[in-house]
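Quick notes on the structure that follows.
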Amino acid sequence: MIRVSGLKKTFDGLTVLDGIDFSIEKGDVVAVIGASGSGKTTFLRCLNFLEKADSGLLEFDGRTYDLSAMKKKEIRELRMKTGFVFQGFHLFENKTALDNVTAGLVYARKVPKKTALARAMTALETVGLSDRAGHYPHQLSGGQQQRVAIARAMVTEPELIYFDEPTSALDPELTGEVLNVMRSLAENRMTMIVVTHEMSFARNVANRIVFMDGGKIVEEGEPEAFFRQPSTERARAFIAGAMERERNSEEQEA
Amino acid sequence: MGNDVFQLVLDSFPKIILPGLTLTLPLTAVSFLFALIIAVACAMIQFANIKVLKQIVRGYIWIMRGTPLLIQLYVVFFGLPSVGIIIDPIPSAILVFSLNEGAYCAETIRGAMESVPKGQIEAGYCTGMSYMQIMFHVVLPQAFKTAFPALSNSLIGMVKDMSLTANIAVSEMFFRTQRIISQHYHALAFYLELALIYLLFCTVLTFLQRFVEKKLDVSRRKPKAVELPPEGGMP
């Protein structure tokens, strides 16, 4: 469905993405993992043009685009086919949960208001928040805000949803509700690319792991195989570190 | 004698407040409306960083904020006729006040737009909205709320500054008061009366400001009751 090749990105001479080749098929859930600064978030942002890539090709639904020379119209067309969930939620603070969800339908896609409302309510129901439809973002917990953001991303029936560390800004006790929503999306065969630090989510929900380091995809594979027997030294070190941190936090909780 | 002054002040009250209601307030309302339109346009040009237009807007703000309002009035009303452009007092007042206030409000609104978290703009793009849709549905509504107290200040300031138009023969409250004093003397009593009328106007506006501010404050809002359309197909 999507194929990326030779994606490069530098910030002020610092190479952040150093030639990424990547592809995803319909229904795939890909977890992108790696240490901070490995380029995961930038990779995701380049795919949705929130950052402009220096070079690289993107194949989307059979059409090929030059990532370094995208036209405004092309960007908007592709964004119409995708959803994006941010680490910081970024709900529109002047709008209720319901209006946040309808915005992409009513303004961007000119869907009639009635249809949009019904679709938005269905989406809010999917994330378990139909009773919070009239609430403003500041009246919702972080976990609820992120679930509204997910409803906003899925209401347009995108071909693919990008998740950029969707639980990293949440208190530990609130991550579960967001991960559950994502898990049920995955079960419904939504195509997803998830940048995450949640190893258990990556292991249990994703059907492919992409491990990044130093702006490159160092290793990818099936979750079980990857976590049990990573083939590169860097992946081994990263997994060992992640396991250690998870054990420590469990001990602290106990 | 004291009673006579009191009677004079009382008799002159309608004569002074009437031009306030028919000139000062309408002139302010019209000028401020134009000022807001100019300000939003200028703020959006600066916010969007449109190359040449941005420089023009900066130049305009620089000149309007860097020169006295009274002199701007004089340039338009007394100066322009010498190059063949003759504008009546009231249009002159509206022109100068709109342009002058527009420059100040542009900066207020631009600052308020900058304070809207950038993530919301990115989120807008990701839902497929265009730049202008994001501006009108996300950024400007929030910016307007932030800018409202400062804009109210500007409005109240403009009501009082309207007295400057007495200098270009707009027969508003200050102008009429000066006429009355030239007939009856008692400058202190009449000027105090005039000041009191301005105070009255501004008090009403201050109350109005507080009322609207409460309405705009999202954090005070109760969750909206959600009404679903009947054929929405929802349980």
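Each value in this text was obtained by applying a stated rule to the coordinates, not by laboratory testing. Treat the numbers as computed from the prediction; the structure is a model and nothing was measured. Using ideal geometry, Cβ is built from the backbone for each residue, glycine included, and neighbour counts are taken over all protein chains shown.
On a full-extension model of 0.36 nm per residue, what is the gain between B:F136 and B:L70, subtracting their alpha-carbon distance, rounded to one decimal in nm?
Computed gain between B:F136 and B:L70 is 20.3 nm.
Dividing the helix sum by the residues of the protein assembly as shown, where each DSSP H run of 4 or more adds -39500 (n - 2.57), gives a mean residue ellipticity at 222 nm of -17500 deg cm²/dmol. Spatially, region A:184-222 and region A:126-159 are offset by 23 Å when compared through their Cα centroids. With contacts taken as Cα pairs under 8 Å at a separation of at least 6 residues, chain A carries a relative contact order of 26 percent.
Going from the fewest other Cβ atoms within 10 Å to the most, the residues B:F174, A:F43 appear in the order B:F174, A:F43. Over region B:2-220, Cα pairs under 8 Å with separation of 6+ residues give a relative contact order of 29 percent.
If r is the Cβ-Cβ distance from A:S36 to A:E74 and R0 is 22 Å, what FRET efficiency results, to the nearest 0.05? Calculated transfer efficiency: 0.10. Nearest 10 degrees is fine. How inclined is helix B:173-184 to the longest principal axis of chain B, computing both from alpha carbons? So the inclination is approximately 10 degrees. Placing dummy labels 7 Å off each Cα toward the beta-carbon, the span from A:N188 to A:E250 is 3.2 nm.
Rounded to the nearest 10 degrees, the angle from helix B:187-216 to the longest Cα principal axis of chain B is 10 degrees. Kirkwood hydrodynamic radius of region B:64-135, from the reciprocal of the average inverse Cα-Cα distance over all distinct pairs: 15.1 Å. Dividing the radius of gyration of the alpha carbons in chain A by their Kirkwood radius gives 0.97 for Rg/Rh. Each of B:I85, B:I181 has some number of other Cβ atoms within 10 Å of its Cβ, and from fewest to most they run B:I85, B:I181.
Listed from fewest to most Cβ neighbours within 10 Å, the set B:F77, B:F144 follows the order B:F144, B:F77.
At a Förster distance of 30 Å, what's the computed FRET efficiency of B:K222 paired with A:E125, Cβ-Cβ distance as r, to 0.05?
Once rounded, the FRET efficiency stands at 0.85.
Modelled spin-label separation between A:S168 and B:A41, with each label point placed 7 Å from Cα along the Cα-to-Cβ direction: 4.3 nm. Build a GNM of chain B with springs between Cα atoms under 10 Å apart, and of B:T206, B:T127, B:T165 the one that fluctuates most is B:T127. Only beta bridges with both residues in the protein assembly as shown are counted; by DSSP, about 60 percent of them are antiparallel.
Each principal axis of the Cα atoms in the protein assembly as shown has its own extent, and those three values, largest first, are 105, 51, 48 angstrom.
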